[in-house]
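The values are calculated or read from the model by the stated rules, or taken from the named source; none is laboratory data. The structure displayed is predicted, hence computed values, not measured ones. Cβ: placed from backbone, ideal geometry, glycine included. Neighbour counts: every protein chain shown. Note: accessible area is taken over every heavy atom of the protein model, side chains too, but ligands, DNA and RNA are not part of it. Shrake-Rupley method; radii C 1.70, N 1.55, O 1.52, S 1.80 Å.
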Amino acid sequence: LRLEALLGEAILTTSLGFILVAAYVWACGRKLSDIGFHTRFLGKTLLIAGVSVMSLYLIAYTAQVLQLRVSGEEAGFALSAIDPRTGLSGGLGFAIWLLSANLVNSAMEEGLFRGTMVRHFLIPFSARGALLLQASLFALWHLNWPIRQLLDGKATIGEAAFQAFSLLLGTFIGGLVYGYLYFKTDNLWGAFLAHTINNGIFNVLFIRTGGVIKSGLDFGLFLAIFLIGHLLLLPVIYLAAKRLGMPEVKPWGI
């Protein structure tokens with residue numbers, strides 16, 4: 001369905017995706033709680049996810065604004081509701097719609113790539129192999145964005161290729177972190193929260209400079225902190241989960 005339709009990909013397609021994930025789980029004789037949508041260790045999981053991800057974005061945004069100011073530019077934060085895929089923008093109602101769509105999208109993608117794939121991939125592969133595989137598939141999943149831009153004539157081949165490379169890198173690292181967070185806590189709500197925070201921030205929080213608002217990802221320093229910071233979250237998650245006595249995800253029986 002068209003990205004521009006308010007009830008298109010953002011709502012109907014992702015809702016259908018979640019229904020298909022749930023149907024698959026049920027067809028396996030399982031429940032959604034068996035892929036991590038349960039309340040065991042919920043508080044600890046949300047604490048790890050919320051503190052680590054919010055700290056990363058606080059550092060990235062603050063560092064970028066300070067760097068711009070030191071270089072002599074007027075820079076600050078800007079709140080606005082913008083869908084980065086389509087460029088559509090609006091007021092408070094549109095912001096609520098974007099955040100609501102993110103909830104559905106995060107539930108669908110986490111249920112598919114983390115909750116279902118990780119547990120299956122742990123049967124034939126090691127934990128490292130399972131996490132790398134699901135992160136790779138999660139990255140490839142996002143190539144529909146540049147492909148759509150190219151087919152619609154909104155991007156040249158070069159622009160689409162650069163966007164594809166950026167998406168592959170960013171979503172692979174993000175998928176690796178979400179997968180590891182899930183694996184180390186055996187609870188999918190933490191990855192869901194981290195994923196929702198990520199998407200929500202890029203929908204409503206921007207950097208204003210020179211009278212123009214831009215996504216944090218448009219700036220080199222922010223992008224570097226964003227990518228490296230996510231990788232540094234891996235040992236943070238490991239230490240936090242170990243300190244809090246969290247269980248690891250176990251593979252499903254064959």
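Rolling a 1.4 Å probe across all protein chains gives L122 an accessible area of roughly 20 Å². Heavy atoms of the protein chains alone define the surface here; on that basis segment 128-184 has 49 Å² accessible area per residue at 1.4 Å probe size. For the pair I59 and S136, label points projected 7 Å from Cα toward Cβ lie 2.9 nm apart.
Extending 7 Å from Cα along the Cβ direction at E159 and again at I147 yields two label points whose distance is 2.0 nm. Among the protein heavy atoms, those of K250 account for about 130 Å² of accessible surface (1.4 Å probe, every chain in place). For G90, the residues whose amide H sits under 5 Å from its own are A81, ignoring neighbours fewer than 5 places away on the same chain, with H placed 1.01 Å from N.
Over the Cα atoms of the chain, each weighted equally, I'd like the Debye log10 I(q)/I(0) at q = 0.12, 0.13 Å⁻¹, rounded to two decimals. So the normalised log intensities are -0.74, -0.87. In summary, the aspartates and glutamates within cross-link reach of K44, defined as a Cα separation below 17 angstrom excluding same-chain residues under 8 places away, comprise D186, E248. Note on surface exposure: T39, T45, T62 rank T39, T62, T45 by accessible area, highest first, 1.4 Å probe. For the pair S126 and L103 in one chain, pulling the backbone fully straight at 0.36 nm per residue adds 5.3 nm over the alpha carbon distance.
Run the accessible area of segment 7-85 with a 1.4 Å probe and give the carbon-and-sulfur part as a rounded percent. Carbon and sulfur together cover 69 percent of it. Maximal additional length on extending the D34-R85 stretch stands at 15.1 nm, based on 0.36 nm per residue less the C-alpha distance. When the chain is treated as a GNM with alpha-carbon contacts under 10 Å, the residue of S166, S100, S71 showing the greatest mean-square fluctuation is S71. Helix-only arithmetic for the chain: the sum of -39500 (n - 2.57) across DSSP H runs with n ≥ 4, divided by the residue total, places the mean residue ellipticity at 222 nm at -21000 deg cm²/dmol. Surface exposure of segment 1-113, expressed per residue as accessible area with a 1.4 Å probe, stands at 52 Å². Sorting W252, W145 by accessible area puts them as W145, W252; the probe is 1.4 Å, largest comes first, and only protein heavy atoms count.
Helix 188-204 versus the longest principal axis of the chain: what is the Cα-based angle in degrees, 0 to 90, to the nearest 10? Compared with the principal axis, the helix lies near 10 degrees. Carbon-plus-sulfur accessible fraction, segment 165-254 (probe radius 1.4 Å, protein heavy atoms only): 73%.
The charge dipole of the chain, taken about its Cα centre with unit charges on the Cβ atoms of Lys, Arg (+1), Asp and Glu (-1) only, comes to about 720 debye. With both labels modelled 7 Å from their Cα along Cα-to-Cβ, the T13 to L244 distance reads 3.3 nm.
Beyond 24 Å, the tail of the calculated P(r) for segment 120-248 holds 38 percent of the Cα pairs.
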